[in-house]
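Everything on this sheet refers to the single structure shown next.
The values are calculated or read from the model by the stated rules, or taken from the named source; none is laboratory data. Please read all numbers here as calculations on a predicted model, not as lab measurements. Virtual Cβ from ideal backbone geometry, glycine too; neighbours counted across all protein chains shown.
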Amino acid sequence: MIILLMLVPLSLMLLAFAIGAFIWAVRRGQFDDMDTPALDILSDDTSPPAQQGTRDRQASVHVD
Amino acid sequence: MQLEIDGEARGFCCHGCAAAAEWIRQSELGDYYRLRSVAATRVEDMPDLSGWDRDDLLSEHAVPTAGGLEMTLLTDGMCCAACAWLIDRALQREPGVFDTSANAVTGRIRIGWDPSRVRLSHVLERLAMLGYRPYLATGAARERERVAEQRRWLMRLGVAGLGAMQTMMFSEALYLDFGHHMAGATRDFFRWVALLVATPVVFYAGWPFLQGCWRELRQRHPGMDTLIAGSTLLAYVASLVETVRGGAQVWFDAATMFVFLLLTARLLEQRARRIASAQVDALARARPTLAVRECADGKRESIPVTSLQVGDIACVAVGDVVPADGCLLDGAASFEEALLTGEARPVTRAQGATIYAGTICRENPARIRITQTGSTTRLSQLARLVEQAQAQRPRLARMADRIGSVFVSVLLVMAVIIYGSWRLHDPARAFEVTLSLLVVSCPCALSLAVPAALAASHGALARMGVLSIRAGGLEHLAHATDMVFDKTGTLTSVQRQVGEVHTFDGMSSEVAMQIAAALERDSRHPIAQAFADIDTPLAAHDVRAVTGHGVMGKIDGVTWRLGRASFAGRRDDDGQLWLGDGHRVAARFRLQESLRADAADAIAALRALGVVIHLASGDASSSVQRLVRQLRLGEAHSRQSSEDKLALVRALQAKGRVVAMVGDGLNDAPVLAGADVSIAMGEGASLAQRAADMVLTSPSLLRIPAAIRLARQTQRVIRQNFAWAVGYNLLALPLAMTGHVTPAVAAFGMAASSLIVTVNALRLMRVSAVGASP
């Protein structure tokens with residue numbers, strides 16, 4: 001039963017990781033809008049390359 | 001209005017809509033039309049947005065971020081996810097905008113822009129051009145708090161879900177040790193680990209229940225939260241004690257599962273209601289935020305409404321909302337007082353008359369000397385009245401509360417008695433039996449029975465175009481026996497149409513209509529709407545509006561006048577619309593309010609559901625009688641004041657009837673609040689919507705019988721759920737009392753029964769999807 005001493009803390013670490021990932025996703029606003037992002041994939045992105053720079057910047061700014 | 005789009009000619013209602021569609025096509029955002037599921041609203045005239053660039057406004061509502069400023073604002077007209085998609089794409093194309101996100105559910109748009117590269121008003125002009133008029137949100141701090149609150153709930157749910165599953169795993173290991181072969185050290189190890197995982201679930205995820213329990217105890221009014229927090233804490237603390245002293249049994253799994261399941265139920269219910277109220281709130285808060293003040297030297301400046309003071313002179317442009325109460329300077333002007341009185345027709349006010357905040361200026365611009373501002377305006381007073389009326393809870397809701405708290409108190413007393421008697425009988429098992437009793441009887445399925453069904457039906461209702469704002473509305477709607485309609489704007493639409501045309505001197509009625517349509521074509525007056533559908537080959541020149549009289553203009557060299565009889569042809573005024581050249585009359589139009597297309601069908605459907613229809617209108621008896629004949633209504637009351645309507649509702653309630661009220665104006669707001677359940681039309685005044693239990697987002701009256709059908713079905717499901725939950729409790733309680741149920745089995749039984757109840761409730765979503773397509 002010594003294996004438990006390793007497996008149980010391992011499962012606890014996984015649990016902590018899962019909770020951490022979930023909280024990270026919530027904080028990043030992944031669950032704020034469940035409808036609109038689904039539409040993005042349906043259309044070809046025709047935005048000119050110049051917009052790409054601003055998109056990257058948007059990702060870095062988006063931390064509320 | 002025609003425009004060629006993708007090689008196909010399409011019709012548009014106005015230039016604004018055509019321009020929006022043209023821009024969407026040119027920007028290659030045509031996907032919007034493929035993605036959207038709801039037709040867009042009409043593009044209104046472009047509002048003046050220059051006030052949005054003011055520093056004092058930005059400092060209050062925008063927050064600095066890396067690269068510029070960020071602001072959250074509200075908009076109306078966002079009706080599905082495609083709208084949000086379009087707004088996102090359209091704003092991202094504006095140079096200087098680095099971040100946008102639009103949320104169709106809450107009606108909010110977040111914009112991040114670089115003030116050195118682009119002015120906010122320029123960005124918002126694009127928004128307004130597409131038909132989404134921007135409004136100020138409640139301020140940056142409140143907006144952030146709203147989002148943070150929502151995220152906190154989600155995090156609680158995540159922690160509870162993951163934690164409960166893990167605790168279950170560890171407890172399972174203990175349960176599977178049937179023959180007690182597990183070494184004491186291993187057993188304790190599992191218990192301590194389970195304790196570690198269960199602690200955040202109980203105290204972080206379960207915090208809302210603990211808080212609710214504390215509040216209920218302080219108010220000496222034990223309710224559901226007391227029971228939930230009580231049994232959770234009992235299970236947790238007892239398990240803790242057992243873990244420390246190495247006792248026989250722990251119940252961490254029961255505690256965590258309980259928190260998780262109830263949190264899920266509560267979140268579901270909350271979410272459904274928040275979606276409904278967010279849209280209504282957005283409109284209700286959209287009061288004018290800027291006013292134009294005339295300075296001593298005659299110059300005009302745009303200032304926030306809050307800095308407007310008594311004695312200032314405010315200038316109100318045509319189509320703008322009056323910012324504060326005041327008296328009218330200069331000549332007569334007409335105002336639309338729909339927000340205050342529910343009457344859509346503009347009324348003419350003479351010089352010196354009192355003009356109320358919230359009314360809309362029509363025809364000519366006006367100057368107003370401010371007499372009341374802020375919370376002393378009539379609008380604010382009415383809003384407070386509505387809030388007071390809302391604070392009084394209906395009798396049935398109070399009774400349900402009382403029964404709930406009695407049930408909880410009885411159960412707690414019973415638990416103490418059971419504990420006492422088991423102490424005498426078998427002290428070792430006393431605690432376990434008491435806990436089983438609490439867990440089994442804790443009305444988990446009972447508490448899920450209602451919220452799960454409500455959440456499902458709220459979702460179905462929202463898809464149907466009925467927003468349920470207040471809890472309990474659905475229940476009363478299902479029991480409604482009488483429905484009181486307010487005539488203006490509910491059974492009839494606000495738009496008027498030309499009824500009967502009477503011509504003189506050999507003029508044909510077609511020509512008369514064409515002349516009138518040409519004269520009214522560019523008029524903003526509501527009467528012009530009556531002629532909007534008429535195609536006319538004629539063009540009018542030098543069109544001039546004469547306030548309080550009508551319009552005049554030249555067509556083929558002849559000057560025509562359309563308006564009052566005295567204005568058009570020197571006759572005595574009779575309240576009808578006349579066409580003439582100033583000396584002789586040529587035609588007379590009778591304008592009538594058009595009946596909503598589906599009014600008759602809706603009334604018939606309501607009758608089929610056994611609902612008695614009443615009509616209580618503020619209008620004169622002749623127009624009410626006409627409506628009664630058209631719809632074959634039984635009971636109708638004309639010239640009803642707000643108090644009369646409320647008295648009618650009270651009289652019906654005194655006879656034991658459950659009254660549903662359908663209305664729109666603000667003068668109906670006290671009645672809406674006084675009825676058992678109230679429904680406001682989506683196009684009515686926003687304040688009335690706040691007083692209502694439900695809001696129709698689409699103008700179709702057929703949604704009302706559909707909503708009643710759904711409400712009754714919801715009641716059926718709730719009754720089934722209750723029957724199951726009570727049956728289960730009746731079966732489980734004696735077993736638990738006699739010690740035949742372990743806490744784990746109790747927790748499992750409770751979970752299974754909750755699941756059955758939830759699945760039963762979810763049937764509502766499927767069934768109503770069929771009924772939702774009118």
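Of note:
- Contact map, region B:168-193: first residue more than 18 Å from B:Ala238 (Cα to Cα) and facing another protein chain (nearest Cβ under 10 Å), second residue outside any loop (DSSP other than H, G, I, E, B) and of a type in the set (S, T, N, Q), Cβ cut-off under 8 Å, separation 6 or more or different chains; pairs are B:Met169/A:Ser11.
- Any hit, region A:48-63, residues being surrounded by 14 or more Cβ atoms within 10 Å (Cβ to Cβ), at pLDDT 60 or above and in a helix (DSSP H, G or I): no
- The number of residues in region B:237-259 that are assigned to a helix (DSSP H, G or I) and surrounded by fewer than 24 Cβ atoms within 10 Å (Cβ to Cβ) comes to 8.
- Residue ID - farthest from the chain's Cα centre (by Cα), chosen from residues in region B:192-244 that are of a type in the set (Ser, Thr, Tyr) and farther than 16 Å from B:Leu157 by Cβ: B:Thr243
- Pairs are defined by a Cβ separation below 6 Å, a sequence spacing of at least 6 or placement on different chains, a first member in region B:593-612 that is over 12 Å from B:Leu631 (Cα atoms), and a second member that is hydroxyl-bearing (Ser, Thr, Tyr) and modelled with pLDDT under 85; the pairs so defined are B:Glu593/B:Thr492; B:Ser594/B:Ser493.
- Residue match in region B:85-94 (condition: at positive phi and touching a strand residue (DSSP E or B) at 6+ places or on another chain (Cβ under 9 Å)): no
- All strands (runs of 3 or more DSSP E) inside region B:474-572 with 3 or more residues being at pLDDT below 80, of a type outside the set (Phe, Trp, Tyr) and within 24 Å of B:Leu701 (Cα to Cα): B:492-503
- Every residue from region B:94-125 that is under 28 Å from the mean Cα position of the chain (by Cα) and of a type in the set (Lys, Arg): B:Arg108, B:Arg110
- Of all residues making up region B:80-134, the number that are away from chain A (no Cβ under 12 Å), under 20 Å from B:Ala19 (Cβ atoms) and not in a helix (DSSP H, G or I): 5
- Residue ID - surrounded by the most Cβ atoms within 10 Å (Cβ to Cβ), chosen from residues in region B:532-556 that are more than 43 Å from the chain's Cα centre (by Cα) and among the charged types (D, E, K, R): B:Lys554
- Extreme residue, farthest from the other protein chains (Cβ to nearest Cβ), among residues of region B:20-54 that are modelled with pLDDT under 70 and under 27 Å from B:Ser116 (Cα atoms): B:Asp48
- Among the conditions (1) modelled with pLDDT of 80 or more; (2) under 32 Å from the mean Cα position of the chain (by Cα), B:Thr377 misses just one, which is (1).
- Qualifying residue in region B:636-656 (condition: modelled with pLDDT of 80 or more and part of a loop (DSSP other than H, G, I, E, B)): yes
- Residue list for region B:180-233, restricted to those being outside any helix (DSSP H, G or I) and farther than 14 Å from B:Ala255 by Cβ: B:His180, B:His181, B:Met182, B:Ala183, B:Gln219, B:Arg220, B:His221, B:Pro222, B:Gly223
- Some residue of region B:198-219 being under 20 Å from A:Met1 (Cα atoms) and not aliphatic (A, V, I, L, M): no
- Residues of region B:557-576 satisfying the condition of being surrounded by 22 or more Cβ atoms within 10 Å (Cβ to Cβ) and under 42 Å from the mean Cα position of the chain (by Cα): B:Leu562, B:Gly563
- Residues that are surrounded by 12 or more Cβ atoms within 10 Å (Cβ to Cβ), part of a loop (DSSP other than H, G, I, E, B) and at the interface with another protein chain (Cβ under 7 Å from one of its Cβ atoms), drawn from region A:1-31: A:Phe31
- Against the list (1) surrounded by fewer than 15 Cβ atoms within 10 Å (Cβ to Cβ); (2) at pLDDT below 90; (3) more than 7 Å from every other protein chain (Cβ to nearest Cβ), the condition A:Pro37 fails is (1).
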